[in-house]
Amino acid sequence: MTVPTTKAHLVVAAAEHNAGIGVNGALPWRLKADMRYFARLTSSAITASFPIPASHHQSQPSLYSPPMNIVIMGRRTWESVPLKFRPLKGRINIILSRNSSFKSQNPDLTVFSTLDDALAHARSLLQLTTVQNPQTQTTLIPRIFIIGGASVYTETIARPDCGYIYLTSVKLPADKLANTTFDVFMPPLTTTASLSTDANGIGQFRRLATDEIINNEYVVPKAVAEVCFKENSLCVFEDGYDYEYQVYEKLSE
């Protein structure tokens, strides 16, 4: 078996009724279980049982450390993260910005002006960080996650190298529904139990069944599923919000 092709995966929480994802530059909710899911999903590498070529190993196995996933986000998403949580720990952070002054003013950040360049850099890093765990003799494979904002999601979904969309579908309680005015939205997807076809013609997506999500290491690592999916359920009720973890796979074009 060869090392799987590295694709770009989206992680997003959106309102069930209108795909809203933001209000005035911030999340319209604070859901602790979903935040835990986001953190663990974007921090956990895939654990595979097959060997990989020596060229993919770390040069000094004695200095083994788990590989880090990569998160790519737009500048506004970066700035929406509280300062004390930046950069997102346990992950390689890459920021997209066409603002040249932002890059010059933040020399310690990894900044690219295009998604193409950011993904090319991310993939070059993954070639160096896919490693074997000497204790378990398993292969740890890091991944790339796109975590916002809306324009970056839209561009990624349209790409042939888009992989999974990890969507937390949130049903707002009645009082929040009446008083929340979203101003940022996910790209329009028509969802069904099996296929989702984007209204703008940017591809078809298959919604994965519960078993495919919970019991497939390549979709959600076991270490994440065991903590975040209580009693093998993808549904959560928290502080008046009902929400569900969903995964969509982009089909080959």
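All of the numbers you see were taken from the coordinates with simple rules; none came from a lab. Since we're looking at a predicted model, the values are computed, not measured.
Okay, here's what the table says:
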quantity	calculated
Rounded to whole Hz, the Karplus (6.51, -1.76, 1.60) HN-Hα couplings of segment 153-162, x for glycine and proline	4, 4, 5, 5, 4, 7, 7, x, 9, 6
Qualifying lysines (Cα of each under 21 Å from Cα of residue 89; at least 8 residues distant if same chain)	32, 103, 222
Coordinate range along principal axes, alpha carbons of segment 200-253, Å, largest first	37, 28, 14
